[in-house]
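This report refers to the structure that appears directly beneath it.
The values are calculated or read from the model by the stated rules, or taken from the named source; none is laboratory data. In this text the structure is predicted, and so the values were computed from the model without any measurement. Positions of Cβ are generated from backbone atoms using ideal geometry, with glycine treated the same way; all protein chains shown enter the neighbour counts.
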């Protein structure tokens with residue numbers, strides 16, 4: 001083997017190692033199904049709040065929020081530590097049980113919609129919409145639209161740290 005070939009192999013190995021090490025340290029969000037999150041909330045001795053990302057496959061802003069916001073290291077760590085994180089397809093076909101009610105897919109127009117997504121978004125079918133639930137699965141608030149990492153983290157902490165119990169949103173944002 002000549003020197004050029006050896007150097008190329010070393011450089012390739014170093015680049016591969018660095019990329020692997022970088023990815024190994026990156027915080028990944030552990031997405032759950034609705035049923036998995038509901039089971040954890042019911043059985044954990046110290047349950048977390050529930051966060052639901054309502055998306056569709058065709059939604060460009062949903063994909064951007066996945067990439068920019070949910071893969072942000074600080075956001076991913078905070079959310080993983082404080083919430084059960086659920087991905088919910090707003091046009092999904094699975095049956096969902098919530099608070100004694102059954103929600104199904106409703107064929108309508110080109111794609112249709114899921115009744116549970118519609119209920120969580122309070123009938124305003126806008127993607128992405130993120131929804132925060134407390135530890136007992138009661139809705140705290142839907143938040144429509146794309147959110148950048150910093151504003152999203154402010155919202156997540158507002159609910160995750162129970163600030164909403166003592167301050168309204170305006171007061172909280174003015175104190176930051």
Among the residues of the stretch 32-49, write down those that are out of contact with any helix residue (DSSP H, G or I) (no Cβ under 8 Å at 6 or more places or on another chain) and assigned to a helix (DSSP H, G or I).
35, 36, 37, 38, 39, 40, 41, 42, 43
Report, by residue number, each residue of the stretch 29-44 that is closer than 12 Å to residue 98 by Cα and either surrounded by 15 or more Cβ atoms within 10 Å (Cβ to Cβ) or within 12 Å of the chain's Cα centre (by Cα) (or both).
34, 37, 38
Checked pairs for the stretch 62-78, first without any contact (Cβ under 8 Å) to a residue 12 or more places away in the chain and at positive phi, second surrounded by 13 or more Cβ atoms within 10 Å (Cβ to Cβ) and not in a helix (DSSP H, G or I), C-beta under 6 Å and 6 or more apart or across chains, list as none
Exactly one condition in (1) in contact with a strand residue (DSSP E or B) (Cβ under 6 Å, 6 or more places away or on another chain); (2) surrounded by fewer than 17 Cβ atoms within 10 Å (Cβ to Cβ); (3) more than 19 Å from residue 35 (Cα to Cα) is not met by residue 62; state its number.
(2)
Counting only residues that are surrounded by 13 or more Cβ atoms within 10 Å (Cβ to Cβ), modelled with pLDDT of 95 or more and touching a strand residue (DSSP E or B) at 6+ places or on another chain (Cβ under 8 Å), give me the helices (runs of 4 or more DSSP H) lying completely in the stretch 76-176 with at least 2 of them.
115-120, 149-160
